[in-house]
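In what follows, a single structure is set out as structure tokens and then discussed.
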Amino acid sequence: MDAKQIMQIFEDTAYVRMGGSEAELKCANYLVGKCAEMGLAATIESFPVQMATLHDAQLICDGISIPCKGYLNAGSAEIEAPFYYLTNTDPYSLSLCRGKIVMIDGYLGYWIYQDLLENGAVGFITYDGNANYTDEDIDQRELRAMVHKGTKIPGVNINAKSAIRLIENETANAKIVLNQDEYEGESRNVILDLPGEIPETIVFTAHYDSTSLSQGAYDNMSGSIGLLAFAEYFSTHPHRYGLRFIWCGSEERGLLGAKAWVRDYPELAEKCVLNVNLDMIGSIMGKFHACVTGEEKLVSYIEYFAAEQGFGIGVKQGVYSSDSSPMADAGIPAVSFARLAANNTGTIHNRYDTLKLMKAEHMVKDIAFIQSFTERMANAVQIPVKREIPDNMKERLDEYLGRKRPKEA
């Protein structure tokens, strides 16, 4: 796949593709079509996801209406309570949440939500965007099932500029109104299999969905293009191991596509000996990284291989926030490749993640390196990576997937 073909795919998919939406289905069909152009038969596999149609979302603070977006799947409610800005998560600060609508810094993760519930908060406010940007965009967020686990309080998301004004104005009272219909919808994985000489497989993953404000060129049509390039190459080149390609849906909603696949196909996951995950490659700026959720020896192997290839890379053992994590959680050693740019040159999850962040030559270079690594693995007499997840990585997965509170939280 050459630079011109790569840039054409970016242009063809320059639209928002939220998980479970018609636009996500449009892109899934597009990926199937690109495989068909190569003579390859990919399929779309649907899986259930929670959806919501939001009819009304209001945030009123001291009688002033604040632009907001309601959290999807956070129920319908109308509550009014004292406003409280939670600046720290020490026991005393958390104790002041009781009976209040609480604004938090950062993302509404599992543990902060549990802290809000435990300490009696009746609603929540989050914010995103950047106080230094000219826009006042607001991301559409949802209260994920793995976060609320059946206990919901209403919440809204606002822009960072609005959040600052609430504190500057010493806001005392807040009111949240949410009205929405919640239902079960569908998201989709796109699957392609290239059988090998033996039953064991290498599974490639990359998500193709985006967030509500983003065209998702960098995060992560770039990785999805990488998988298309690998499929094209290996369809005409030998590979001892079978190769399975999964373009994952609804990654941005909690890695739902990868979780659905390992849940629905445990017998296939058992035959997977390595996961190669692509999430954000080919950007104009940024350093190339590999994150290994597997034995430490694979870190050294990739470092040596990159040196042999003359390819600059930083490699570490850890858990990457992507589709590789459910794969590793299912016992499949995983490595995620990414070219990570600083926020001021490669920001994501907003209107600025477009084709303008991408460089075709970097895409070609990144794809070529990962493809060379994978070709070594795919044609090995025996893949040298142990099919087991070390205890330190199991602990990190427990923390990342919300089963164990991180020590620093």
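The values are calculated or read from the model by the stated rules, or taken from the named source; none is laboratory data. Please read all numbers here as calculations on a predicted model, not as lab measurements. No Cβ is skipped: glycine too gets one built from the backbone with ideal geometry, and neighbour counts run over all protein chains shown. Areas reflect the complete protein model, heavy atoms only, side chains present, ligands, DNA and RNA absent. Shrake-Rupley method; radii C 1.70, N 1.55, O 1.52, S 1.80 Å.
Between amide H atoms placed 1.01 Å from N, distances below 5 Å from residue 187 occur with 47, 49, all of them 5 or more places distant or on a separate chain.
Protection proxy ranking for 195-207, 221-233, 317-329, using the average of other Cβ atoms within 10 Å per residue and placing the highest first: 221-233, 317-329, 195-207. Within the same chain, lysines fewer than 8 places from residue 365 are excluded, and of the rest, those with a Cα less than 19 Å from its Cα are 4, 287, 356. Per-residue 3J(HN,Hα) values for segment 363-379, derived from phi via the Karplus relation 6.51 cos²θ - 1.76 cosθ + 1.60 with θ = phi - 60°, read 4, 4, 5, 5, 4, 4, 5, 5, 5, 5, 4, 5, 4, 4, 5, 5, 10 Hz in sequence order (x marks Gly and Pro). Among the protein heavy atoms, those of residue 359 account for about 80 Å² of accessible surface (1.4 Å probe, every chain in place). Please state the relative contact order of segment 26-167 as a whole percent: Cα pairs under 8 Å, 6+ residues apart? Once divided by the residue count of segment 26-167, the mean separation gives 25 percent. Here segment 281-312 and segment 362-409 have alpha carbon centers that stand 11 Å from each other. Residues of segment 10-43 with an amide N closer than 18 Å to a point placed 7 Å from the Cα of residue 135 along the Cα-to-Cβ direction: 11, 13-19.
Counting only residues at least eight positions apart within a chain, or on another chain, the lysines with an alpha carbon under 29 Å from that of residue 100 are 69, 149, 152, 161, 175, 404, 407. Under the combined filter of DSSP loop state and at most 14 neighbouring Cβ atoms within 10 Å, segment 38-116 retains these chymotrypsin sites (Phe, Trp or Tyr not before Pro): 107. The residues packed around residue 270, meaning those with a beta-carbon under 10 Å from its beta-carbon, carry a net charge of 0 if Lys and Arg are +1 and Asp and Glu are -1. Amide H contacts for residue 213 (H built 1.01 Å from N in the peptide plane; partners 5 or more residues away or on another chain; cut-off under 5 Å): 140.
Counting heavy atoms of the protein chains alone, residue 315 has an accessible area of about 20 Å² for a 1.4 Å probe.
By how many degrees, 0 to 90 and rounded to 10, does the Cα axis of helix 22-37 deviate from the longest principal axis of the chain? So the inclination is approximately 10 degrees. With the helix formula -39500 (n - 2.57) applied to DSSP H stretches of n ≥ 4, the chain reaches a computed 222 nm mean residue ellipticity of -9500 deg cm²/dmol. Rolling a 1.4 Å probe over the protein heavy atoms leaves residue 168 with an accessible area of roughly 130 Å².
With respect to the chain, whose longest principal axis is taken over its alpha-carbon atoms, helix 296-309 is tilted by about 60°. Extending 7 Å from Cα along the Cβ direction at residue 23 and again at residue 321 yields two label points whose distance is 2.1 nm.
Taking the centroid of alpha carbons for each part, segment 221-264 and segment 136-195 are 28 Å apart. If I fit a long axis through the Cα atoms of helix 222-234 and take the longest principal axis of the Cα atoms of the chain, what angle between them do I get, 0 to 90°, rounded to 10? With both axes taken from Cα atoms, the answer is about 20 degrees.
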